[in-house]
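Enquirer: What follows is a structure written as C-alpha cells; I'll ask about it next.
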Amino acid sequence: MDIFSIFSLLGGLAFFLYGMHVLSAGLEKMVGGKLESILRSMTSNPWKGLALGAVITIAIQSSSAMTVMLVGLVNSGIMELSQTVSVIMGSSMGTTLTAWILSATGIESDSFWLQMLKPESFSPLVALVGVIMLMTGKDGKKKDAGSVLVGFAILMTGMTLMSQAVAPLAETPVFKDLLVMFNNPLLGLLLATAFTAVIQSSAAAVGILQSLALTGSISLGMAFPIIAGANIGTCITGLLSAIGANKNAKRVVAVSIYFKVIGAAICMTVFYGLNAIFHFDVVDAPISALGIAVVHTVFNVINTFVLMPFSKPLEKLAKVTIRDTNTQEALLDERLMLSPSFAIAECRALAVKMAHAARDSMLSAIQVIKEYDSKTAAEITEWEEKIDLYEDTLGTFLVKLSSKDLSHSDSNEAAELLHAIGDFERIGDHAINILRVAEEIHDKQLHFSDKAQAELEVITRAIVDILNLTVEAFEFADNVRAAKVEPLEQVVDSLKIDLRNRHVRRLQEGRCTIELGFVLTDLLTNYERVSDHCSNVAVTVIQIKDSSMDAHGYLNELKSSGSPEYTHAYDDYLRKYTLPSSHA
C-alpha cells in the first residue's frame with residue numbers, strides 16, 4: 001500500500017461523509033418535519049418513543065442529528081427529559097440501516113441480477129436518475145428526491161474507494177501487525193471511540209470496518225469492540241451541541257452516553273466472558289460485511305431491550321451527573337436549525353401559542369370594557385410582554401432559518417409565518433389600546449346609554465367570532481375557516497361605519513357627550529384594525545397552501561368577483577350581526 005492508496009482511502013472517507021450529509025439533508029426535506037413534529041405530541045409511552053426514535057433516525061439517517069435535535073427540544077422546553085430516553089434508544093436501532101445497505105458490497109456472484117444488487121453496480125444509474133431529477137425537476141419535492149439519490153450514489157462511491165484502497169492491505173505485513181492491536185478488546189474499543197469522535201459518524205466508522213472486512217483480515221473478535229466503540233464515539237456530536245444549553249438539555253446527552261457506555265460494557269462482558277468459558281470458534285473466524293451489519297444490529301437491539309426497563313435509573317443517573325442550575329430555557333433553540341424542516345414545525349407551534357396569547361389578551365380587554373378588573377388588566381399587560389417576546393424570538397429565528405437550505409414549501413411557510421406573527425403582535429397592541437379605553441371609562445366614571453351598549457354588543461360579538469375563527473384557521477391550517485374571515489371582516493367594517501353615524505346623530509340630538517364620543521371612536525377604531533389583522537392572517541393561511549397566491553390580488557379578486565361562497569357568507573354574517581333599531 002503506497003501513499004496514493006492512503007489518498008484514495010481519505011478521499012473515499014470524504015465522499016462517504018459528504019454523501020451521507022447530502023442523503024440525510026435530502027431525506028429531511030422530503031419528510032418536511034412531519035415525522036419530527038410527532039415528537040411534540042409524544043405521550044409517556046416508552047414503546048411509542050422507541051418506534052419514533054427508530055423511524056425518525058431512519059428518515060434522517062443520523063443518530064447524532066437525532067440527539068442534537070432532542071437537545072434543542074429539551075432546551076426549548078418543548079420536551080421533557082423523560083420523553084427522550086426511549087427516543088435515544090430507538091435511534092440507536094434506526095442507525096443500523098446504513099450498515100445493511102453497505103453490506104451489499106460484499107455480494108459475489110456471476111449472476112447478472114445478483115451483481116446488480118451490489119450498490120457499486122447500480123449506484124451509477126441512481127446517480128444518473130438523481131442528476132436528471134435535479135436538473136429537470138420544477139418543484140422542490142423532485143429536486144429533494146434527486147438530492148437523496150445523488151447523495152446515496154456519492155456515499156457508495158466513497159465506500160467503493162475505501163474498499164479499493166484497503167484491498168492491498170491484506171498482504172501487507174505492517175497491516176497484519178497493526179491488526180494484532182485489535183485483538184485486545186479494550187484497546188479496540190478505545191481506538192474506535194476516538195476515531196468515531198473525530199469523524200463524528202458511526203455509520204462511516206462501521207463502513208470502513210466493512211471495507212476492511214472485505215480483505216478477509218477482520219474477525220468477529222476484532223469487529224465487536226470496534227462496533228461498540230463506534231456507538232460510543234458518535235456521542236461527541238451531542239456533547240458539543242450541549243455546550244451552553246440548560247441542565248435538562250445536557251442531561252439528554254448524559255443519558256445517551258450512559259446508555260451506550262453501559263450497553264457496551266454489558267455486551268462485551270457477556271460476550272468475552274462466555275467466550276472465555278466456551279471458546280467459540282466463530283470469534284477468530286473472518287467476518288464479512290454482512291456479518292458486521294448483523295452484529296451491529298444485534299448489538300444495538302440487545303442494548304435497547306436490556307436497558308429499556310432501566311429508563312428511570314438512566315434518567316436519575318443523568319440528573320445526579322448534571323446538577324440543577326438556574327439556566328433559563330430558550331423559546332426556540334438554534335440547535336433545531338440542524339433540522340430545518342423540524343425547526344419550521346416548531347416555529348409554527350410557537351406561532352400558534354402566540355396566536356392564542358393574542359386572542360386571549362384581546363378577549364380579556366373586551367371583558368374589562370364591560371366590567372373593569374385590575375387583576376385582569378395586569379394580566380393583559382403581562383400577555384403583551386409575552387407576545388412581544390414571541391414575535392422577537394420567532395422573527396429572529398425565522399430570518400436566520402431562511403438562510404438555510406430549505407425546501408420550497410418550508411421556505412414559503414417561513415415567509416408566511418413572518419407575516420402572521422406581525423399581525424398577532426399588532427392584535428396584542430390593540431388589546432393594550434382597548435385596556436387604556438377601559439381604564440379611562442373606569443377612572444372617569446363614564447357610562448354608555450343602553451342603546452349604545454346594545455349596539456356595541458353586536459360588533460363585540462363579531463370581533464370575538466372573527467378572532468376565534470382566525471386562530472382556529474391558523475392553528476389547523478384550515479382553508480375553509482380562513483375563507484370565512486374576509487366576509488366577516490367586511491361586515492365589521494360596515495358595523496363600524498354604521499355605529500359612527502349613529503353616534504353622530506345622538507351627538508347632534510344632545511343624547512351623547514363629546515367625551516364618550518372620543519372613547520367610542522377609539523374603541524371602534526381598534527375593533528376594526530383587529531379585524532383587518534385577522535384578515536391578513538387568514539390570507540396567510542391560504543397562501544401557505546397556495547404559494548403562488550398574492551395577498552392583495554386574492555382580496556381584490558374575492559371582493560370583485562362576487563363568488564357565491566363569499567356572497568353567501570357575507571349575507572349570513574349581515575343577518576347574524578344586525579344592529580338594533582336606531583329609533584328610540
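The values are calculated or read from the model by the stated rules, or taken from the named source; none is laboratory data. All values reported here derive from a predicted model rather than from experimental measurement. Heads up, the Cβs are rebuilt from the backbone with ideal geometry, glycines too, and the neighbour counts pull from every protein chain shown. These accessible areas exclude ligands, DNA and RNA; they are computed on the full protein's heavy atoms, side chains included. Shrake-Rupley method; radii C 1.70, N 1.55, O 1.52, S 1.80 Å.
Enquirer: Which condition from (1) assigned to a helix (DSSP H, G or I); (2) more than 25 Å from the chain's Cα centre (by Cα) is the one that Tyr372 breaks?
Expert: (1)
Enquirer: Sticking with this structure for a sec: Just checking, does the stretch 482-497 include any residue being closer than 27 Å to Asp572 by Cα and outside any helix (DSSP H, G or I)?
Expert: Checked the stretch 482-497: at least one residue is closer than 27 Å to Asp572 by Cα and outside any helix (DSSP H, G or I).
Enquirer: I need a count of the residues in the stretch 402-449 that are in contact with a helix residue (DSSP H, G or I) (Cβ under 6 Å, 6 or more places away or on another chain), within 30 Å of Ser341 (Cα to Cα) and among the aliphatic types (A, V, I, L, M).
Expert: The number of residues fulfilling the criteria is 7.
Enquirer: Tell me which of these His430 doesn't satisfy, since it passes every other one: (1) open to solvent by 80 Å² or more (accessible area, probe 1.4 Å); (2) in contact (Cβ under 8 Å) with a residue 60 or more places away in the chain; (3) not small (Gly, Ala, Ser).
Expert: In the conditions (1) open to solvent by 80 Å² or more (accessible area, probe 1.4 Å); (2) in contact (Cβ under 8 Å) with a residue 60 or more places away in the chain; (3) not small (Gly, Ala, Ser), His430 misses (1) alone.
Enquirer: Go through the residues of the stretch 487-494 one by one and say whether even a single one is among the β-branched types (Val, Ile, Thr) and under 31 Å from the mean Cα position of the chain (by Cα).
Expert: no
Enquirer: Starting from the stretch 485-504, keep only residues that are in contact (Cβ under 8 Å) with a residue 24 or more places away in the chain, then list their pairs with residues that are of a type in the set (A, V, I, L, M) and open to solvent by 50 Å² or more (accessible area, probe 1.4 Å) whose Cβ atoms are within a distance under 8 Å, requiring at least 6 positions of separation or different chains.
Expert: Close Cβ pairs (under 8 Å, with a partner that is of a type in the set (A, V, I, L, M) and open to solvent by 50 Å² or more (accessible area, probe 1.4 Å)) amount to Val491/Leu574; Ser494/Leu574.
Enquirer: Let me confirm something: among Val85, Val148, which residue is modelled with pLDDT of 80 or more, open to solvent by 10 Å² or more (accessible area, probe 1.4 Å), of a type in the set (A, V, I, L, M) and part of a helix (DSSP H, G or I)?
Expert: It is Val148.
Enquirer: Ala414 - would you say it is under 18 Å from the mean Cα position of the chain (by Cα), touching a residue at least 24 places away in the same chain (Cβ under 8 Å) and open to solvent by less than 20 Å² (accessible area, probe 1.4 Å)?
Expert: yes
Enquirer: What pairs can you find where one residue is in the stretch 435-457 and more than 26 Å from Glu382 (Cα to Cα), the other is at pLDDT 90 or above and not in a loop (DSSP other than H, G, I, E, B), and their Cβ atoms are less than 6 Å apart, with a gap of 6+ or different chains?
Expert: Glu455/Leu499
Enquirer: On the given criteria, is Lys404 assigned to a helix (DSSP H, G or I) and open to solvent by 50 Å² or more (accessible area, probe 1.4 Å)?
Expert: Taking the combined requirement at face value, the residue does not satisfy it.
Enquirer: While we're here: I'm trying to understand the selection: among the residues of the stretch 213-247, which are at pLDDT below 85, out of contact with any Pro (no Cβ under 6 Å at 6 or more places or on another chain) and not in a helix (DSSP H, G or I)?
Expert: Leu214, Thr215, Ser217, Ala242, Ile243, Gly244, Ala245, Asn246
Enquirer: Continuing with the same structure: Got a number for residues in the stretch 66-76 being over 17 Å from Phe259 (Cα atoms) and surrounded by 24 or more Cβ atoms within 10 Å (Cβ to Cβ)?
Expert: 5
Enquirer: Is there any pair linking a residue in the stretch 234-250 that is in contact (Cβ under 8 Å) with a residue 40 or more places away in the chain to one that is aliphatic (A, V, I, L, M) and open to solvent by 20 Å² or more (accessible area, probe 1.4 Å), with Cβ under 7 Å and at least six apart or on different chains, and which?
Expert: Cys235/Ile257; Ile236/Ala197; Lys247/Ile322; Lys250/Ile322
Enquirer: Just to be sure, is Gly140 modelled with pLDDT of 80 or more and crowded, with 18+ Cβ neighbours inside 10 Å?
Expert: no
Enquirer: Looking at the structure I just gave you, is Ser91 buried (at least 16 other Cβ atoms within 10 Å of the Cβ), modelled with pLDDT of 75 or more and closer than 30 Å to Asn45 by Cα?
Expert: When the stated conditions are applied, Ser91 passes them.
Let's see how each residue does on (1) at pLDDT 85 or above; (2) in contact with a strand residue (DSSP E or B) (Cβ under 8 Å, 6 or more places away or on another chain); (3) open to solvent by 80 Å² or more (accessible area, probe 1.4 Å):
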site: Gln164; (1), (2), (3): no, no, yes
site: Pro168; (1), (2), (3): no, no, no
site: Thr172; (1), (2), (3): no, no, no
site: Phe175; (1), (2), (3): no, no, no
site: Leu178; (1), (2), (3): no, no, yes
site: Met181; (1), (2), (3): no, no, no
site: Leu189; (1), (2), (3): yes, no, no
site: Ala194; (1), (2), (3): yes, no, no
site: Ser211; (1), (2), (3): no, no, no
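Enquirer: Evaluate the following for Ser62: is it over 15 Å from Ser311 (Cβ atoms), crowded, with 24+ Cβ neighbours inside 10 Å and out of contact with any Lys or Arg (no Cβ under 7 Å at 6 or more places or on another chain)?
Expert: Taking the combined requirement at face value, the residue satisfies it.
Enquirer: Let me ask something else about it. Please determine whether any residue of the stretch 325-333 is touching a residue at least 60 places away in the same chain (Cβ under 8 Å), crowded, with 18+ Cβ neighbours inside 10 Å and more than 25 Å from the chain's Cα centre (by Cα).
Expert: Among the residues of the stretch 325-333, not one is touching a residue at least 60 places away in the same chain (Cβ under 8 Å), crowded, with 18+ Cβ neighbours inside 10 Å and more than 25 Å from the chain's Cα centre (by Cα), which makes the answer no.
Enquirer: Taking Ser201, is it closer than 28 Å to Gln83 by Cα, buried (at least 19 other Cβ atoms within 10 Å of the Cβ) and either in contact with a Leu (Cβ under 6 Å, 6 or more places away or on another chain) or modelled with pLDDT under 90 (or both)?
Expert: For Ser201, the condition - closer than 28 Å to Gln83 by Cα, buried (at least 19 other Cβ atoms within 10 Å of the Cβ) and either in contact with a Leu (Cβ under 6 Å, 6 or more places away or on another chain) or modelled with pLDDT under 90 (or both) - is met.
Enquirer: Which residue is farthest from Ser535 (Cα to Cα), if the candidates are limited to the stretch 478-497 and must be open to solvent by 40 Å² or more (accessible area, probe 1.4 Å) and β-branched (Val, Ile, Thr)?
Expert: By that ranking, first place goes to Ile497.
Enquirer: Related question: How many of the residues making up the stretch 375-400 are over 27 Å from the mean Cα position of the chain (by Cα), open to solvent by less than 20 Å² (accessible area, probe 1.4 Å) and under 14 Å from Ala357 (Cα atoms)?
Expert: Total satisfying the criteria: 1.
Enquirer: Can you pull out every residue in the stretch 24-51 that is within 20 Å of Arg335 (Cα to Cα), at pLDDT 70 or above and open to solvent by less than 30 Å² (accessible area, probe 1.4 Å)?
Expert: Ser24, Gly26, Glu28
Enquirer: When you check Ala355 against the structure, is it of a type outside the set (S, T, N, Q), touching a residue at least 24 places away in the same chain (Cβ under 8 Å) and over 22 Å from Val464 (Cα atoms), yes or no?
Expert: Here the answer is no, as Ala355 does not meet what is asked.
Enquirer: Just checking, how many residues over the stretch 279-333 are assigned to a helix (DSSP H, G or I), at pLDDT below 90 and aromatic (Phe, Trp, Tyr)?
Expert: Total satisfying the criteria: 0.
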